[in-house]
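Presented below is the structure to which this report refers.
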Amino acid sequence: MKPSFRVHAFRMLPGDDVMPQLKKFITDNQIEAGFIMSAVGSLTKYTIRFTNQPEGTQAQGHFEVVSLTGLLGTEGNHVHLSVSDSTGRTIGGHLLDGNLVYTTLEVVIGEDLDHSYQRETDPTFGYKELVVKNRDK
């Protein structure tokens with residue numbers, strides 16, 4: 001039986017901006033239904049948006065990535081980030097552009113080969129939300 005998913009792993013380098021790099025990887029590999037399996041690394045700057053807030057929040061320093069989770073695809077992405085500072089204080093929210101890698105960010109992405117993740121406007125709040133579709137085989 002053919003596996004229904006594939007695993008991709010790559011490393012982001014110092015100074016890379018996380019979200020644009022994720023988007024580039026997804027586009028370059030034509031991943032229609034991806035999910036972040038693991039991510040370990042550090043940042044010198046984070047930019048995240050907290051729930052129900054219109055604007056992002058930024059900070060500079062040295063931060064450990066303690067969680068990077070989300071769904072990725074050529075039709076759109078939804079990713080959350082949590083980071084901790086040197087005292088262990090942890091903060092998290094919706095990943096935006098402007099998260100700069102300090103030493104490394106090692107990322108493992110799973111790819112669901114049976115589905116495509118699409119984003120369609122949900123009338124409840126007007127946001128583009130996930131719609132999972134079967135891939136034509």
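The values are calculated or read from the model by the stated rules, or taken from the named source; none is laboratory data. For clarity, every value in this text was computed on a predicted model and none was experimentally measured. Positions of Cβ are generated from backbone atoms using ideal geometry, with glycine treated the same way; all protein chains shown enter the neighbour counts.
Can you pull out every residue in the stretch 56-87 that is surrounded by fewer than 14 Cβ atoms within 10 Å (Cβ to Cβ) and either on the phi > 0 side of the Ramachandran plot or outside any strand (DSSP E or B) (or both)?
Across the stretch 56-87, the qualifying residues are G61, S86, T87.
Could you list, in sequence order, all residues of the stretch 88-112 that are free of Cβ contacts under 8 Å to residues at least 60 places away in the same chain, within 18 Å of V40 (Cβ to Cβ) and part of a strand (DSSP E or B)?
Of everything in the stretch 88-112, those that are free of Cβ contacts under 8 Å to residues at least 60 places away in the same chain, within 18 Å of V40 (Cβ to Cβ) and part of a strand (DSSP E or B) turn out to be T90, I91, G92.
T51 is checked against (1) within 23 Å of A9 (Cα to Cα); (2) in contact with a His (Cβ under 9 Å, 6 or more places away or on another chain); (3) β-branched (V, I, T) and fails just one. What number does that condition carry?
Tallying (1) within 23 Å of A9 (Cα to Cα); (2) in contact with a His (Cβ under 9 Å, 6 or more places away or on another chain); (3) β-branched (V, I, T), T51 fails exactly one: (1).
Going through the stretch 113-132 one residue at a time, which ones are in a strand (DSSP E or B), in contact (Cβ under 8 Å) with a residue 24 or more places away in the chain and closer than 18 Å to I31 by Cα?
H115, S116, Y117, Q118, R119, L130, V132
Just the residues that are assigned to a strand (DSSP E or B) and not aromatic (F, W, Y), please, taken from the stretch 8-22.
Result: H8, A9, R11, M12, D17.
Which of the residues belonging to the stretch 98-126 are polar (S, T, N, Q), more than 21 Å from H8 (Cβ to Cβ) and touching an Asp or Glu at 6+ places or on another chain (Cβ under 9 Å)?
T121
Within the stretch 88-130, which residues are surrounded by 17 or more Cβ atoms within 10 Å (Cβ to Cβ), aromatic (F, W, Y) and over 17 Å from K23 (Cα atoms)?
Y102
Looking at F35, is it in contact (Cβ under 8 Å) with a residue 24 or more places away in the chain, part of a strand (DSSP E or B) and surrounded by 15 or more Cβ atoms within 10 Å (Cβ to Cβ)?
Yes: the conditions hold for F35.
Can you find a residue that is within 19 Å of E32 (Cα to Cα) and of a type in the set (K, R) anywhere in the stretch 88-95?
No, the stretch 88-95 contains no residue that is within 19 Å of E32 (Cα to Cα) and of a type in the set (K, R).
Which of (1) of a type in the set (A, V, I, L, M, F, W, C); (2) part of a strand (DSSP E or B); (3) over 21 Å from E129 (Cα atoms) does F25 not meet, given it meets every other one?
All conditions pass for F25, except number (2).
Can you tell me which of (1) loosely packed, with under 15 Cβ neighbours inside 10 Å; (2) touching a strand residue (DSSP E or B) at 6+ places or on another chain (Cβ under 8 Å); (3) closer than 21 Å to K133 by Cα; (4) modelled with pLDDT under 95 is the one T51 doesn't meet?
(3)
Would you be able to say whether some residue in the stretch 1-11 is out of contact with any Asp or Glu (no Cβ under 7 Å at 6 or more places or on another chain) and crowded, with 17+ Cβ neighbours inside 10 Å?
Scanning the stretch 1-11, I find no residue that is out of contact with any Asp or Glu (no Cβ under 7 Å at 6 or more places or on another chain) and crowded, with 17+ Cβ neighbours inside 10 Å, so the answer is no.
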